[in-house]
1. Per DSSP H run of at least 4 residues, take -39500 (n - 2.57); add these up for the chain, divide by its residues and hand me the 222 nm value, nearest 500 deg cm²/dmol.
2. Determine the distance separating the Cα centre of the range 105-157 from the Cα centre of the range 1-31; give it in Å without decimals.
3. Quick one: net charge around THR61, please, counting Lys, Arg +1 and Asp, Glu -1 for every other residue with C-beta under 12 Å from its C-beta.
4. Label GLU175 and ALA200 with points 7 Å out from Cα along Cα→Cβ: what is the distance between them in nm?
5. How large is the accessible surface of PHE10 in square angstrom, using a 1.4 angstrom probe and rounding to the nearest 10?
6. Pull up the DSSP beta bridges for the chain and report the antiparallel fraction as a percent, rounded to 5.
7. What does the C-alpha gyration tensor say about the overall shape of the range 107-149? Classify as rounded when a/c is under 1.5, otherwise prolate if a/b is larger than b/c, or oblate.
8. Multiply the residue gap between LYS125 and ARG186 by 0.36 nm, knock off their C-alpha separation, and tell me the result in nm, one decimal place.
Amino acid sequence: SQGANYVMDFDKNNINWMTIITHNKTIGFNRSTGEVTPIYDLPMKAGETPFHIGAYGGGMTSDKNFWFAQYYGVLGRFNTETRKIDFELDYPDYAGPHRMVIDKNDMIYLTLIGSGQLSVVDGKKLKEVKRIDLPDRNSAPYAVSLDRRRNALWVATVNNDSLFKYDLKSGKFSEYPVGIKDLHMRNIAIDEKTGDLWIASSPIPSNEAEMRRLFLYRPGDL
């Protein structure tokens, strides 16, 4: 459960929370004591199975509650004090809520890998405020990172050979071709001093080592 700008965060009891993707559950780990919490069930639609619903992405807002995204389910909030689900935002089955990043104002930016969009959710008002279409709706956005220096979002895709940068002020996208075969970007880390991007790419399955790599990308826009 990363907090603002994808930095690891802990609740009021010093616990970090995570999703268990194959079982549709969440569990916490206390970094001070080493204690592991009980395992808690996440919501599941009728007819779904834990493995298929895919409890995947997670994040923590400033109130220290844990947000989770299910591939075939909801964006939900797990209250870390009551240990209960107290908010759910439903998405169509094809949308595919995946990974999220949260800014310092508790705005949640969530990739919808199936529909090729970003869902913007106000974590304080508990409502979706915007749905942003990517320039390529078939690009399958896997992850999103917040770039505070550029005031932008970087979107990692797994069905396109390009990075997308979304300018938060103008609301416009820029596309950056990468040129790596069978590019499947899993995550983007940003060096705030240089503006460089460190990107993990890993198509699954793949027997070609050249496709599984961590690479440095310099957008050249600063």
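The values are calculated or read from the model by the stated rules, or taken from the named source; none is laboratory data. Nothing here was measured: the structure is a model prediction, and the numbers come from that model. Here the Cβ positions follow ideal geometry from the backbone for every residue, glycine too, while neighbour counts run over all protein chains shown. With ligands, DNA and RNA removed, areas are computed over all heavy atoms of the protein, side chains included. Shrake-Rupley method; radii C 1.70, N 1.55, O 1.52, S 1.80 Å.
1. Working: 1 runs with 4 residues, N = 222.
Only helices count here, giving -500 deg cm²/dmol.
2. 20 Å
3. On the way: positive: LYS64, ARG77, LYS104, LYS124, LYS125; negative: ASP9, ASP11, ASP63, ASP103, ASP106, ASP122.
Its environment carries a net charge of -1.
4. 2.7 nm
5. The accessible area comes out at roughly 40 Å².
6. Antiparallel: roughly 95 percent of the beta bridges in the chain.
7. It comes out oblate by the Cα gyration axes.
8. 19.0 nm is the gain from fully extending LYS125 to ARG186.
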